[in-house]
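K.L.:
Before I ask anything, here is the structure I am working with.
Read-outs: derived from the displayed coordinates by stated rules, not from any lab. Small disclaimer: the values here were computed from a predicted structure and weren't measured. Please note: Cβ atoms are built from the backbone with ideal geometry, for glycine as well, and neighbour counts cover all protein chains shown.
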Amino acid sequence: MRLNKTSSFAALLCMVCAIGAFGLFTTDVNAQQVPRRSQFIHNPFLLNPAMAGIQPGTFTSANYRNQWAGFDGAPTTFSISAAMGLPNRFGAGIVLEQDDMGGAMSRTGVELTGTYTLDLNNQDAVSFGLGLLAQQLSFDGRDLEVWEDNDPALTGALETSFTADARFGMMVFGKNYAFGMAIPNLMQNAIGWDSEPTDQRNRLIRHYLLMGHYRYLINNEFTFKPAAVARFTGITPAQLDAYLNLSYRDMLWGGIGFRQSDAIVLSIGGGSNDVRVTYSYDLTTSDVGRLSPHTHEITISYFLARQAGGFNSRNLGGRILDRGWIIRN
């Protein structure tokens, strides 16, 4: 399979249209088991495991999100991730995450990722990634105020469960674009809590993500970057995130986006050399905004270039992007 520059851009447009279509024909949003981040454009590895290892060095990032700030029991998510390229077209990554889902539920997990990259032509490549996830889920029912005291699903105790699952991803990318898909909760393993006094078990639900972005060089100083992600499952409508980012000399950037039926996103960031800091403010537009319209998110990232000698970009193999691609905005 070989693609030229024109066909690659056409494929990207098809992906963006497909993402937009999913959002256009659906309006309702339901809760999901995979955290949503406003700054998906600044660390796509958290969305798609295929993004690990497509740059000649190690990319590390820390992300913190405080959703509906000031609201008692509001969700918070903290993650640390790292990804690096390896010889013979391989890559590797790791994600450590602590997710307080709000109220009684929380999740702590670690994911190990491996990738493989194939060249399509002189401009493009495709990478495949598989992440293996181990996580502990907790449900603290000791201080819950419930409508029905005799609900058999609520034991009034602290319950914990350990489960494992997987995440698959594919990404087609070139010098200034990328589009692909990811499937979290691939195996849909049981969580281990009884949803009722029968053999019915709560399970992780398989999610499907479509994503794409394009980096357009306006001139030597300004870069424009639109991006979009569509999320859906077999039991919930599609959810669309769209984002527009403008960068000045790769030192200062700002953006605006929206999360369908949920929030307007404003962001600003800056950096020097290989360090980047980005802050986002979400103005909640859904009914939850009556309790707290404010969501804060911050990402700090660092790129460590590959050192020369025995393990440099020349013997990595496969299409390797310049180090600026993954950290530029």
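K.L.:
Cut-off is 10 Å between beta-carbons; in what order do Arg215, Arg290, Arg276 appear when sorted fewest neighbours first?
P.N.:
Arg290, Arg215, Arg276
K.L.:
Going by how many other Cβ atoms sit within 10 Å of their own, how do His294, His207, His42 line up, fewest first?
P.N.:
Fewest-to-most ranking of His294, His207, His42: His294, His207, His42.
K.L.:
Assuming R0 = 35 Å, what is the FRET efficiency of Leu86 and Met187, from their Cβ-Cβ distance, to the nearest 0.05?
P.N.:
For R0 = 35 Å, the calculated efficiency reads 0.85.
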